[in-house]
Amino acid sequence: MSKKGVQNSVKGLGYALWTAGGYLFAAGALVGVPLGLFAPASLKDWLSSPLGMLILLAVSDMAAVLFVFLPMLVRKVSWASIREKVGLAQPFRAKMFPWALFMWGIYFVATVIVSLVIYSLHIPGVDLMQQQDVGFTNLTQPYEFVAAFLALVVVAPLLEELLFRGYLFKQIRERSSFWYIAVLTSLAFAVLHFQLNVG
């Protein structure tokens with residue numbers, strides 16, 4: 001690999017660390033810690049409810065997006081340029097929908113194959129059946145199901161995709177090969193879940 005290729009790979013790794021680290025820092029240190037230290041018990045109780053968790057997730061994810069975008073905001077990069085940098089400048093193209101479905105199918109098949117291989121290896125400490133703790137348990141009321149749906153299917157995926165498939169992928173795309181970027185962004189996103197079977 002050439003010197004420029006190594007530099008671009010290191011820059012890509014730096015962007016991945018900044019994105020994942022910034023996400024964790026903003027969600028934890030900027031939102032979680034102040035709430036843990038200063039929020040009254042009644043607010044903490046409400047935030048553990050489905051509606052409260054939806055609001056908390058939206059606030060912490062927005063804080064993460066703004067924190068990761070902070071260098072661009074400090075440099076006074078225009079919103080139009082930021083939209084371009086995260087891949088939101090192009091209009092929706094319906095002709096891409098079948099391609100997206102096809103790629104999702106490949107992803108699904110690959111996930112099943114990888115899971116079966118890992119399961120057959122009987123790796124100590126790896127539990128593929130471990131449930132993901134998403135925070136929404138004991139839902140009974142219709143509005144609780146709606147709040148959980150909005151949090152887990154709309155808010156979190158949109159903001160996470162904006163950071164990882166938008167910002168991170170686009171930042172490194174011009175400097176490195178597609179496969180390097182695809183693997184790097186996927187690993188950064190997987191590690192962020194802190195759970196091997198989910199990652």
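Residue-by-condition table, conditions (1) open to solvent by 40 Å² or more (accessible area, probe 1.4 Å); (2) at pLDDT 80 or above; (3) out of contact with any Lys or Arg (no Cβ under 9 Å at 6 or more places or on another chain); (4) part of a helix (DSSP H, G or I):
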| position | (1), (2), (3), (4) |
| --- | --- |
| 6 | yes, no, yes, yes |
| 15 | yes, yes, yes, yes |
| 20 | no, yes, yes, yes |
| 23 | no, yes, yes, yes |
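Is at least one residue of region 103-122 of a type in the set (A, V, I, L, M), modelled with pLDDT under 85 and assigned to a loop (DSSP other than H, G, I, E, B)? Within region 103-122, not a single residue is of a type in the set (A, V, I, L, M), modelled with pLDDT under 85 and assigned to a loop (DSSP other than H, G, I, E, B).
For (1) without any contact (Cβ under 8 Å) to a residue 40 or more places away in the chain; (2) under 21 Å from the mean Cα position of the chain (by Cα), each residue gets a yes or a no:
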| residue | (1), (2) |
| --- | --- |
| 39 | yes, no |
| 45 | yes, no |
| 53 | no, yes |
| 60 | yes, yes |
| 64 | no, yes |
| 73 | yes, yes |
| 77 | yes, no |
| 81 | yes, no |
| 85 | no, yes |
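This table checks each residue for (1) part of a helix (DSSP H, G or I); (2) within 17 Å of the chain's Cα centre (by Cα); (3) at pLDDT 80 or above.
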site: 131; (1), (2), (3): no, no, no
site: 145; (1), (2), (3): yes, no, yes
site: 164; (1), (2), (3): yes, yes, yes
site: 197; (1), (2), (3): no, yes, no
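Restricting attention to region 167-184, the residues that are in a helix (DSSP H, G or I) and touching a residue at least 40 places away in the same chain (Cβ under 8 Å) add up to 9.
The values are calculated or read from the model by the stated rules, or taken from the named source; none is laboratory data. Being a predicted model, the structure only gives us computed values, none of them experimental. All Cβ positions, glycine included, derive from the backbone under ideal geometry; neighbour counts span all protein chains shown. The protein model used for the area step is the full one, side chains on, heavy atoms only, and it has no ligands, DNA or RNA in it. Shrake-Rupley method; radii C 1.70, N 1.55, O 1.52, S 1.80 Å.
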